[in-house]
Each structure stands twice: as structure tokens, then as C-alpha cells.
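Just so it is clear, none of the values below were taken in a lab; they were calculated from the coordinates. No experiment lies behind these values; they were computed from the predicted model shown. Don't worry about glycine lacking a Cβ; one is built from the backbone with ideal geometry, like all the others, and counts go over all protein chains shown.
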Amino acid sequence: MMAHKNTFFPVKKTCNFRGKLVHIDSPLIMGIINLTPDSFYQGSRVNSHEELILRAETMLKEGAHILDIGACSTRPGAEQPDEDTERRRLFPALQVLRKNFPDAVLSVDTWRASIAKEAVYEYGVDMINDISAGNMDPDMFQTVAECKVPYLLMHMQGTPQTMQKNPVYQDVVQDILSFFALKTEELVRKYHVHDIFVDPGFGFGKTLEHNYILLENLDAFRILGFPVVAGISRKSMIHRILACTPEEALNGTTVLHTIALLRGASVLRVHDVKPASEAIRLVSFLNKANTDQKGK
């Protein structure tokens, strides 16, 4: 196992969201909005345009910097809907969000290049979040390059249908670091994509132990030079240990968000914006106090 404790490598501090330059001096919050009937956490699902507007408005008021919209469940074992189903779920919702929140930064959670391209060109989406890092659609990297939007690539071993069937690594941190090193080099050198976020993919082809090793060594991923995303919210790595449901996992989520922030996470992808915002404020104050003390 690689030791990277308290190693804070410099990472990219700005991101261009279709002309909106966002500074990442403090961690960002991505608010999760699911348009699916089968996402693992029922509280993340929206069932009407009225509910969608209210959810988005609440998240933005509570401090979300990005709204991440998904129309395909990626929970373990989930069957992927066909492209037409994803389109029917997603695009009317994007139209509603763009109309009601014209200045909001919108991300689309999709692995399909065709969906990504239409979301950007027709609905003004600002970012693509791809659970497969281009592995499920070979056209995705070229599409992101053409669209000129930031790209969040996540590590997943296998597919949502297979990922939790005996995941194995030689060294989970080193293996995923090597994966990202190859992917980001290809994005930068071949496709000239520079606004990149990396997500180690908690729960996507990892055992419970893998997840906690990744969390403990999250700062290792900063060596890549890109902002690191922690997608931990209400996942089984919390409720399996606490013997609770996803609905009861908010306290555990906040604990792990705090650890992720202390390990250098630049983005929290969350269901609950206000608790995440409070964790960021407290950890930021702690870091500032420590920096000020060292400067004396």
C-alpha cells in the first residue's frame, strides 16, 4: 500500500464551465438529482417538474455549486435503460432547469456520448459526469473535446451489473492511480481536454475494505493535478457498517465527508447540500487556523 498521508499536491484551481470561470479555492458541492425510478436512495428521486424545480432551488440556496442530473440508475446490479428512455427522462428536465435557473451550472450524469452531446448543444449543459471514464462509449472523449466542457471521469471495475461480483486489485490505490494517469494523459495530449475531475468511484467495483483504503488515501489522487471528487453520500460503505438504511445514513455521510475533506477532496457529490456545506465551512476554518498558526 502506498503511503501518502498529509501529502497535498497542487491541483488545478480553476475550471471553465462554458465561459463561467469557477475558482476552486474552497471545495465545491455537486447536488445529486435523479430522474430514475430505481436509484438506491429514494430521497434523491424527483417525480415531477414541480418537484424538480423545488429540489434544484433548495440545493442552490443551500450552497450547491453544480447540479448533477442523472437519468440512469448506476446502483449495483441496475439494468441500464436504452438510449430513448434516458433521453425521454433527461431532456425535458434539462429544459425545465435551464428555463428556471439560467445561471446554474448543470452537469449530466451519462456514459453515452450522444446524450452528452445533445445535452450540451441543445440544453446548455456545462459538464459531463461519466461513471465509465469513456470505457462504455468509445466516442465519449472525442465528444467532450468537441463540446469543450469539463469532464468528470470515474473509476469503475466492470459495469453496474457486474461491478460488485468479487472485485479484485493488486493495490487498489496504485491500480486506480495508474488508470487515471493513462486516462488523463490521453484526454490532455490527444484530445486537448484540460478541465478534468477525477472520482475514484466509491462502491463501483470495490469491497467495503477497498472503499475505506481509498478514503484514507484520497490525497494520493491529487498527484494527478486535477480536482478529486468524493462520491460517498448515503452509500453502502456507510449503512453496511452502521446497520442502517440509506435513509438513515446522513450522519455517517457527514462523518465520511469530513474525512474526505481532510484528505484533500475538492468536490463533494451529495444528496444533502446543507450538511455538506457546513462540513466544508468547518474543515476550511480548521485548515485556515492551522495555516495561520504555522505562519506565526
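Temperature 25 °C, viscosity 0.890 mPa s: under these conditions the Stokes-Einstein estimate for the chain, based on its Kirkwood radius over C-alpha pairs, is 128 µm² per second.
Counting only Cβ charges, +1 for Lys and Arg and -1 for Asp and Glu, the dipole size of the chain around its Cα centre is about 800 debye.
Distance between the 7 Å Cα→Cβ label points at residue 169 and residue 186: 1.9 nm. Summary value for the chain: 22 percent relative contact order, contacts being C-alpha pairs under 8 angstrom separated by 6+ residues. The overall shape of region 51-156, judged from the alpha-carbon gyration tensor, is prolate: a/c is not under 1.5, and a/b is greater than b/c. Grab the beta carbon distance between residue 80 and residue 207, set R0 = 22 Å, and tell me the FRET efficiency rounded to 0.05. That pair, residue 80 with residue 207, gives E of 0.45. If I model region 121-223 as equal point scatterers sitting on the Cα atoms and use the Debye formula, what is log10 I(q)/I(0) at q = 0.14, 0.16, 0.24 Å⁻¹? After summing over all Cα pairs, the log10 values are -0.55, -0.71, -1.31. Comparing 277, 26, 48 in a Gaussian network model of the chain where C-alpha atoms under 10 Å apart are linked, the largest mean-square fluctuation is found at 48.
Annotation for residue 282 and residue 58: the two label points, set 7 Å from Cα along the Cα-Cβ direction, are 2.2 nm apart. In region 95-167, one over the average inverse separation of all distinct C-alpha pairs is 12.9 Å, which is the Kirkwood hydrodynamic radius. Computed from label points 7 Å out along Cα-Cβ, the spacing between residue 289 and residue 244 is 2.5 nm.
Quick one: net charge of residue 285's neighbours, Cβ under 12 Å, K/R +1, D/E -1? Kindly include the intermediate steps, with their values, before the conclusion.
Numbers: positive: 281, 288; negative: 278, 292.
Counting the neighbours of residue 285, the net charge comes to 0.
As a rough footprinting exposure proxy, the listed residues 143, 85 were ranked by other beta carbons within 10 Å of their own, and the order from fewest upward is 85, 143.
Set the bar at 21 Å for Cα to Cα. Now go through 117/190; 20/99; 13/288; 274/294; 13/206; 61/274 and name every pair that lies beyond it. 274/294; 13/206, as the Cα separations exceed 21 Å there. Listed from fewest to most Cβ neighbours within 10 Å, the set 210, 194, 239 follows the order 194, 239, 210.
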